[in-house]
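Laboratory data are not the source of any read-out in this text; all were calculated from the coordinates shown. Keep in mind that this is a model prediction, so the values were computed, not measured. All Cβ positions, glycine included, derive from the backbone under ideal geometry; neighbour counts span all protein chains shown.
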């Protein structure tokens with residue numbers, strides 16, 4: 001995938017996190033895996049992250065939507081994929097540079113979402 005080499009992945013379900021990290025690696029994309037949104041925005045600022053993939057419902061004080069909006073403020077052109085198996089956000093609940101992919105998903109849906117956001121940012 002052109003332009004995306006390193007992705008922050010925030011997912012609290014360990015098996016889903018490991019599976020997504022492994023699938024991204026199969027496409028040559030390095031992942032920075034996290035299990036909570038708390039502190040992720042600070043990490044995002046200090047890292048050379050090209051995109052964000054986050055679940056909505058996460059432990060801690062911040063949700064994945066909170067993280068997505070903070071990311072959009074810090075890096076407005078960064079592609080964001082928001083995922084959830086429960087909550088289905090409306091378009092207005094997502095930052096402009098984000099796309100929603102419902103769980104269960106396959107890796108191609110995630111890659112397509114990142115690609116669409118990259119094209120939109122260009």
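With contacts defined as alpha carbon pairs under 8 Å and 6 or more residues apart, what's the relative contact order of the range 6-121 in percent?
23 percent
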May I ask you to derive the FRET efficiency for residue 74 and residue 106 from their Cβ-Cβ distance with R0 = 25 Å, giving the value to the nearest 0.05? 0.30
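Can you pull the semi-axes for the range 69-108, root of five times each eigenvalue of the Cα gyration tensor, sorted largest first, whole Å? All intermediate terms of the calculation are to be shown ahead of the outcome.
Details: eigenvalues 74, 30, 10 Å².
Each semi-axis is √(5λ); the values are 19, 12, 7 Å.
Starting from the coordinates of the alpha-carbon atoms of the range 20-61, obtain the Kirkwood hydrodynamic radius over all distinct pairs and give the value in Å to one decimal.
Numbers: mean 1/r = 0.0873 Å⁻¹.
Evaluated on the range 20-61, it is 11.5 Å.
Taking the number of other C-beta atoms within 10 Å as the exposure measure, put 6, 91 in order starting with the fewest. Mind dumping the intermediate values first?
On the way: 6 14, 91 9.
With the fewest neighbours first, 6, 91 line up as 91, 6.
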Can you compute the modelled spin-label distance between residue 45 and residue 12, with each label point 7 Å from Cα toward Cβ, in nm? 2.4 nm
Expected output is a single nm value to one decimal: the length gained when fully extending between residue 57 and residue 116, i.e. 0.36 nm times separation in residues minus the C-alpha distance. What is it? 18.9 nm
In Å³ per residue, the alpha-carbon convex hull of the chain encloses 90 Å³
Can you tell me the length gained on complete extension of the stretch residue 90 to residue 36, counting 0.36 nm per residue apart and subtracting the Cα distance? 17.2 nm
Of the candidates 21, 101, 87, which one comes out as most mobile in a Gaussian network treatment of the chain with C-alpha springs shorter than 10 Å? 87
